[in-house]
Each structure stands twice: as C-alpha cells, then as structure tokens.
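Every read-out reported here was derived from the displayed coordinates using simple, explicitly stated rules and does not represent laboratory data. Keep in mind that what you see is a predicted model, and the values were worked out from it rather than measured. We place every Cβ from the backbone using ideal geometry, glycine too, and count neighbours over all the protein chains shown.
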Amino acid sequence: MENFPILSIMLVVPALAAAACLFLSDENARRLALAATLVDFVLGCVLWAGYQIGGPQWQFVEYAPVFGRFAWALGIDGFALLLIMLSVFLMPICIGASWRSITTRVPEYMAAFLFTEVLMIGTFAAQDLFLFYVFFEAGLIPMYLIIGIWGGANRIYASYKFFLYTLLGSVLMLIAMLYMANKAGTTSIPALMAYDFPPQAQTWLWLAFFASFAVKMPMWPVHTWLPDAHVQAPTAGSVILAGVLLKLGGYGFLRFSLPMLPEASGQLTWLVFALSAVAVIYTSLVALVQSDMKKLIAYSSVAHMAIVTIGLFAFNRQGIEGAMMVMLGHGLVSGALFLCVGVIYDRLHTREISRYGGLAITMPRYALFFLLFTMASVGLPGTSNFVGELLALMGTYERSTLIALLCTTGIILGAAYMLYLYRRIAFGEVKSEEVAAMPDLSSRELWLLAPIAVVVLWMGVYPESFLAPMRKDVAVLLARIDRAAPPSDSQPTPGKPIAAAAATLHHAAATEGAH
Amino acid sequence: MSYAANLAMTLPELVLGLGAIALMLVAAWGGQQSTRAVSIASVFVLAGACVALAGPASSGGAAFDGLYRADAFAAFAKVLIYVASAVAIIMAPDFFRRTAGDDLKPEYPVLILLSACGMGIMVSAADLLTLYVGLELQSLAAYVLASFMRRDTRSAEAGLKYFVLGALASGILLYGISLVYGFTGTTLFDGIAGAYAATPMSGEAKSLGLLFGLVFIFAGLAFKLAAVPFHMWTPDVYQGAPTPVTAFFASAPKVAAIGLATRVAIEAMGSATDQWRQIVIFAALASIVLGAVAAIGQSNVKRLLAYSSINNVGFALVGLACGTPEGVSGVLTYMVIYIVMTLGSFLVVLQMRDETGEPVESIASLSGLSRTRPGLAAALAIFMFSLAGIPPLFGFWAKFAVFDAAVKAGLFPLAAVGIAASVIGAYYYLRIVKTMYFDDPAPAFPRSENKVEGGLIALSAVFVSPLGYLLIPALGVWTTAAAKALF
C-alpha cells in the first residue's frame, strides 16, 4: 500500500479515458466517462480510508525528477485530501447531469470534463511549485472550451472573459514563484512552506499570489467574470466551476500565502478583511435583485467565498477550520443548487425566475430537495454550511469584531435572497400551463441530488469526519503563522475595580449596551 | 593552425556551399523535371551538414585566425537552422503544385541551401565582416525566395519590400560596424570586447563613437530580427511570400538572427551590457506589446502569424536582456520550442484550401474546423495555446525559461510587464481556437493525401504537447552547454 502510486493512478485513469473518449461514439463516451469518474471516486475513497489521521503531514508521497527543473512530486495532507474527495465526488454527478442535456459533440465534452478532473486532482496533490502551476493554469483550457462550445447564447464573451481574467491573475504569480524557487533553491512546496523569505520581498510576493487567488476565489472587485461564466456555462460546467474551481483560490491561500509568506499575510490581513466585508454585503444585495437563477447563485458564491477568506485570515483554529468547511459545504451546496437550476432549465429552457412558480405543487420531490439545499445555503443548523460559517465567523470575531459583524449581515441577507428565490419558484400559484406540465424528478436526477443531500446532512450533523483529517494540519499551519498574527480587537480588557463598579454600574451597563 | 583544421571546423558550411553549387548545376541542366530530385538531394545535403557538425565543427574553437568560431553555441543554432530549412523544403512541392501557374522550380531548394549556409556563417561569426558576409548571403537568397511566385503581384511586392528594407537595415548595420571599427581599430569580436572593456561607457570620458556604433549595430540586428520598432516589413512580407517561404522566414532566419545578436551582445560587447540592455529591453517589451495588440485586428492568418513572430521575438529578447548564461540558455530553449510551434502552425495553414485546391488564408475560413477536420483543428489549437504560453503545453516552458532567467538576473519589472503583456497575446491565439471550435462550420478543406505533411504536423503537435516536458532535462543540458560557450 505504501508504495502504490495511487495519486498518479487517479490522474492517469481520467487522462487515458479522456483520450479514449475522443474516438468513441456518443453513447460509449458517456459510459466510459462515467466509469472513469466512478473509478476515481472509488480510488478517492481508498485514499481517504488509507489516510492516517494524525500520521505524517504528507502522505502518499510520490517523487520522480523527470522534468529537470522541477519534479513530478505528489503528496497530500488533510486539506488536499478533503478537496480531492470533493472533486472526485462531484465529477460522476457532473457526468450524470450532462447525460441527456448534452447532445452535440459528446465525446469532446466528456474528454474536456475528464481532463478537468485530472487537472483538479493534480492541483491539489502537487507538491512541486511548478507542477502546481502547470495544473492550476491548465484548467483554463478545458473550461474555456466547455463554456465556449456548450454554453448559452452569450458564451463567447463569457469564455474570453473567464480565460483572460484568470490568466492575467495567474501570470504574475508565476514571476513570484520563479523568485521564490531561485531564492530558496528548491521547488518543493513542503520545503518552501518552512522557508522564511525576507519580509520586504514577502509583501510583493504576497500581492502577486493574491492577484491570482483573488481572481480565482473570486473576491470583490475582481469577481465579475464569475456571474458571466456561470450563466453561460452548461449545468455541469457551473457545478464544477462553483464546486471545485473556486476552491483553488482558497486552497492557494492555505497552501502558499499563509505558510510561505506569514509576515505579509499578517500585514495585509486588513486588505483581505476589507474586500471580503464589501463582497459579503455588496454581492448579497446584488443577488437579491437578480432575475436570473444562475446569476443569483453565482453572486451568492462570491459572498460565501468571502466568508472563506475572512476565516482563513483570522489566524486561528476556528477560522481556518471554518473556512475549509465552508469551502467543502459550498462546493456541495452550490453544486447542488446549480443542478436544481439545471433540472428545471432542461424542462422549460429558461432561467428567468419569474417564469416559474408553484413548483411545490407540480414537482413535490424536486421542491423538497431544492428546499434542503436552499436551507443549507442559508446556513441552517444541521446542514454543512452552518458548521463552516459558524466556525469561520467565530474565528473572525476573535480577530476583528467589526468584520465579524459586517460579515454576519451576509448570513441574514443570504437568508433573504435564498428564501425569496425559493418562494418565487416553489410557492404560490402554478404560473402557466407549461409549468404545470413539468414532470417531477426522474430517477436519474434523483440519483444526482440524493448523494449530495446525504453528504450535506452528514457534514451538518457529524462534522467530525471532515474536521479530523485536517486537525493536525491546522495545528502545523498555526504554529507556522502564529508569530505574524495581526493584533486582535476582541481580547478581554481588564475590568473596573469593584469599588468603583457600584457607583458606575449604570454607566457601565450603558457602555456595554453601546457595544 | 593548418588549413585542413580550419576547413574541418567549417565543414557544415562547406557541405552546404558545395552541395548548393552542385545542385544548381543539376538544376541548370536538368530543368523543371529535376525539381523533385534536387529537393530530395537538398534535404540530404542539410542532413549531411548536420552530421558534419559532429567533431571539430562544434568544438574546434576559433578558425581562420579568429574570424570564425566553431563552438557548441553555433552548433546548437545550426541544428535548428538546418532542421527548419529541411522542413521548408519538404513542405514546398505540394503548395506550389496546387497554386495555379507557378510550379516549384529546382532553384527553390538551392536558394534555401545557400540561405542556410549564410545563416550558419552568421551564428559562427566572430568578426564583424564575417557576420556581414553571412548576413548578406542569407538575405540575398531570402529576397529571391520572397518573390518566388513571379506571376503573383503580392509575392513580387513582398520581395521588393524585403529587399529595400533589408538593404536599409544592412546599411545601418554597416554604418555601426564602421563606427566600431573606427573607434576600436579592429573588427574581431575579441578585440572589440577589449576596447569596450577598456573604455568607460558613462561619465565624462565615455566614448560616443563606441556608443553610437553599438546603437547602430543593434538597430541593424533588430531589423533582421523584426523586433519593434524595426518590424514594419514583416507583416507585408509574410503575407505576400509563398506560404512555405513564410514558414521558412519565421523559423530559420529568426534563429540565425537571434544567435548572431546574442554572440555580438555577449562576446563583442559583453562589457557594455548595461548600455545594450536598455535597447534590448525596449525592443523586447515593444515587440511583445505591439506584436500582441496589432495582431488583434488581423483577418489573414499569415499576417496574424507574422505579428505572432514579432511577439515571440520579444519574448526571446527578454532572455537576451539578462546577459547571463541562464539568459542565453533561455533564448535557445525559446527558439527550439518556437520554431516547432511556428512550423507546425504553417503546416496547418498549408492545409487550408478551397475545393478547387487554391490556398485560402482568411481566419474566417477556419470556422468550425473542429467539426470538419477534428484532427487538424486539434493540432492548430495545440499550437495556438502553446504559442500563448498556457501550460501544460510546451510553449509554456519556453516562456518559463526566459522569465526564469530574467528573475534570476534581477530584472523584475521586465519580467512582470512582459508576462502581463503576454495576456494580450493570448487573446488573438484564443480567437483562432474560438473560430475553429465555437463557430458554425465553413466549407470543409479538402483532405490532403500528403502523408509527410500530416506526419510533420502530428510530430510537432506531440512535441509541444505535455509529452514534450519529458525533454526538459535533455534540453536543459544542451542549451546550458551551448550558452557556456559564449562566456
């Protein structure tokens, strides 16, 4: 088991299947893609089962110096394990979601998705700086094709915007990586995570990484590519974009910005906090007035990702664990919500919210699932997002009361726009003949949504399964970044002496109330 | 040193020169029927020249009292030049046969051989006059090649434009050479290097003559490289010249010119690095930006590739601007990958023709190519993403090598601006992919029976695919050894 190159195999299986798909008929390409993604899911389960919680920091390590300047170095820690699990879990669902809705150029479509899977797993498993960059950046190509070929009416604009926006963000990161590799004399990510760069250089490096990750995340104000890309992408494309590709930004902060550049992270926390707070409030308000379902969910993704960034930069255990849980939870929930949109889009071919209504009457099973995912997105206790959001905001509160306060309004606004969406779609009178004629979930659709629903509840009820693998890694990260933690404004302050307390009791109560 | 030893070091040029003369005689007496035989023989002559590189020609050192240098750097560049020239000969017959009225003549391979001989002298030159002789031999052959389709007015125009502007460039270069000779008293690179080292390049005592000489020489070389601001001839010549000739211009002479510029910069003027670095940085950034911006509006695929070549020269110059062994090795890595991508793209362009067999060049005719010719479209998409420098394609490694050198040399602003400007370039490469993959199909190109061209396309596509990354260790060893020869 120790020497079995399971990570390489997880990369090779979809890669070979992608190549083979191109030479198959439509039906066989679908079957092969499903089979390959299921094999990868099983391998992912093996990976999780074989992962020793509390064992060495890097497990399943593979190393082959085949590229001269950099190496084929793979290995995972708890963070990478969970994100790889998210990817391999969502992939078969994406293939299933495209089973009937994609009818043109099926082999290419399946190949593009399998190629995306290779790159996602590769990004999370890479232990070499440049191998990471190659995987990270290569993801643009299949996504560009998926949006551009199988997307909606305005797909070409969206595909360009997606590609060029994210490329511009990433190229500066490459320069930073070149500097780091030359300065530290190694391209190994674990080695770089222990290397101390001079503080002056850190600020520049941090900003270069930030340019890339902030766009991927996406953070306000560089989020504008996301609504366009989501709206135009086919359903499965949106699922994978929201489910996994947005997590690359958060993973980047976790893997590069924080451990490699702790001083700069500490100094620039205010920037992350400020942008995130604006993002939470602004994009939630924008989501409130959307008339297009996918756009609404896309804006809600920006708001949720902002909770991730504040959690990461809270520099404490709750914050980081919460951020990871939000990433996982959001990956599942927003993916599921896009699937829900896809289900009714396949029937009525419109994403206009106003065209729907009363689906609770005509499609009760659908309405049930949609309700569950809506509630999960709002962060109802018992669902995945509650755990993450609570932890992330608790962690943030320890660092900055104001930011925690501002971001918590996002939860309220989130409830507002999601419930408003649900009311317009599911409740009320049945809007039209067409809506009345819509059939309920088919068994295929049920099979896509049910597994996500189970995991969403699992994460909400027993989050320990997901917190355990990363617990030790969070401790390692905290030990590394603790020295650079920015000052906290939520520390207990010494109280007034007892004698004076009685006299100023009234006054003290008033001050407390003002806080 | 004995004459035989000198000749052994110049063996590749001898093979090419004698081969070209012999084949010219065959062509003169054999006439039109000998075209095929002469073409095949020319490819063998080029292969022979490659073989002749083994031995003293790649490691002999200085020949003819320092006029000529046979080192690893020259050998590396020559291999690239010979391979690109051979491909230019191989891709020609099919194109000319399909173009009405202008059959391929046996002079075509002969001119390419002469040009290759000149390019070999360029990259081996260790003296300003050897340099000039090589450059003119290459250029004169190239002028004729540009106007090879006599009945085509665009081709004739391309030849004339190339000639007039090339002559102007040669004039500027010669003026620079004369200034340098006047102020240093020698044309040998070693002597010039000594003079530059002995003369302060800034402050009161600086030598304006040497400085001006340097500026004029670099301006002349920039003309040959088609680097901005001396790039104006490129789009017209590339568009007008027959496609195989354009492919030739975009590959082999670029390697020769950049090899020449590198040798002059490092060997002759290495001690004035700070002076020429400003020129090279400006030319690099201007080429990257202008090559990218001007390409956006193009509708002709050959013109677009012309701007792409300007853009790519800019990236290669980023490596030269470092003035370090890593920089030179980056330039060589860049050129290897660049010529494969370029030749591959032009081979695809050769497959573009309407149902009567006439070549078409508009980008719009590529519409929906992914449905009509999936393999061809995939190959061109690979070349385009690779030219844009997107990993996991090999074009990324080319950019990686030069920017790595720039970062090592501490040129952070150059690296940051250059790589940010590469995003502009990505736009027009993407436009070709968009046309092929997103648009509705245009009339399909008829299938070609030419197995050789198809094979070359496949080979190039595999080279720039992620499989190419496995070549990085070997490429690293070769380019490093070649770069060391200059320092």
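Rounded, prolate or oblate: pick one for the stretch A:202-255, where a ≥ b ≥ c are the square roots of the eigenvalues of its C-alpha gyration tensor, a/c under 1.5 means rounded, and failing that, prolate if a/b is larger than b/c, else oblate. Note, shape of the stretch A:202-255 comes out oblate.
Among B:367, B:85, B:2, the ranking by other beta carbons within 10 Å of each residue's beta carbon, starting with the fewest, stands as B:2, B:367, B:85. Scoring A:150-156, A:15-21 by mean Cβ neighbours within 10 Å over their residues and listing the highest first yields A:15-21, A:150-156. Counting Cβ atoms of other protein chains within 10 Å of each Cβ in B:385-392 and taking the mean gives 6. Packing here is the average count of other Cβ atoms within 10 Å per residue, and on that basis the peptides A:101-112, B:427-438, A:357-368, highest first, run B:427-438, A:101-112, A:357-368. Using alpha carbons only, how many angstrom separate the centre of the stretch B:358-372 from the centre of the stretch B:428-458? So the two Cα centres are separated by 7 Å.
Which net charge results for the neighbourhood of residue A:79, defined as the other residues with beta-carbon distances under 13 angstrom from its beta-carbon, given Lys and Arg at +1 and Asp and Glu at -1? Counting the neighbours of residue A:79, the net charge comes to +1. A cut-off under 11 angstrom between Cβ atoms defines the neighbours of residue A:483, and their net charge, with Lys, Arg +1 and Asp, Glu -1, is -2. Look at B:383, A:4, B:216, B:396 and count the other Cβ atoms within 10 Å of each Cβ; fewest to most, that gives A:4, B:216, B:396, B:383. Once you order the gyration tensor axes a ≥ b ≥ c over the Cα atoms, which shape class does the stretch A:352-447 get: rounded for a/c under 1.5, otherwise prolate or oblate by comparing a/b with b/c? Taking the square roots of the gyration eigenvalues as a ≥ b ≥ c, the stretch A:352-447 is prolate. Across the stretch A:84-112, the residues whose backbone nitrogen lies under 20 Å from the label position 7 Å along the beta-carbon direction of residue A:292 are A:102.
In loop segments of the stretch B:117-179 as defined by DSSP, the trypsin sites (Lys or Arg not before Pro) with at most 16 further C-beta atoms inside 10 Å of their C-beta are B:150, B:151.
A Förster radius of 35 Å combined with the Cβ-Cβ distance from residue B:103 to residue B:470 puts the calculated FRET efficiency at roughly 0.25. Here the stretch B:105-142 is scanned for amide nitrogen atoms under 20 Å from the site 7 Å beyond the Cα of residue B:160 along Cα-to-Cβ, giving B:140-142. Shielding by partners for peptide A:162-169, expressed as the average number of C-beta atoms from other protein chains within 10 Å of each residue's C-beta, is 4. One decimal place: the segment residue A:465-residue A:66 gains 140.0 nm when fully extended, by the rule 0.36 nm per residue minus the C-alpha distance. Considering only alpha-carbon pairs that sit under 8 angstrom and 6 or more positions apart, the relative contact order computed for the stretch B:109-218 is 22 percent. When the alpha-carbon atoms of the stretch B:3-484 are used, the pair Rg, Dmax equals 21.4, 69 angstrom. For the stretch B:39-94 versus the stretch B:223-239, the spacing of their alpha-carbon centroids is 25 Å. Across the stretch B:3-484, the mean sequence separation of Cα contacts (distance under 8 Å, 6 or more residues apart), normalised by length, yields a relative contact order of 14 percent. Summary of packing: across the peptides B:3-9, A:276-282, B:64-70, A:382-388, the per-residue average of other C-beta atoms within 10 Å ranks them, highest first, as A:382-388, A:276-282, B:64-70, B:3-9. Fewest-first ordering of A:377, A:490 by other beta carbons within 10 Å of each residue's beta carbon gives A:490, A:377. Just add up the charged neighbours of residue B:400: K/R +1, D/E -1, any other residue whose Cβ is under 14 Å from the Cβ of residue B:400. So the surrounding residues net to -1.
An oblate overall shape is assigned to chain A, the ratio a/c of its alpha-carbon gyration tensor axes (a ≥ b ≥ c) being 1.5 or greater and a/b not exceeding b/c. Take each residue in B:396-408, count the other chain C-beta atoms within 10 Å of its C-beta, and the mean is 4.
Relative contact order, whole percent, for the stretch A:104-221 stands at 25, derived from Cα pairs under 8 Å and 6 or more residues apart.
A Förster distance of 45 Å, applied to the separation of the beta-carbon atoms of residue B:21 and residue B:282, puts the FRET efficiency at 0.60. Roughly how far apart, in whole Å, are the Cα centres of the stretch B:95-150 and the stretch A:32-60? The stretch B:95-150 and the stretch A:32-60 have Cα centres separated by 59 Å.
Computed extension length for residue B:151-residue B:14: 45.9 nm, one decimal, from 0.36 nm per residue of separation with the Cα-Cα distance subtracted.
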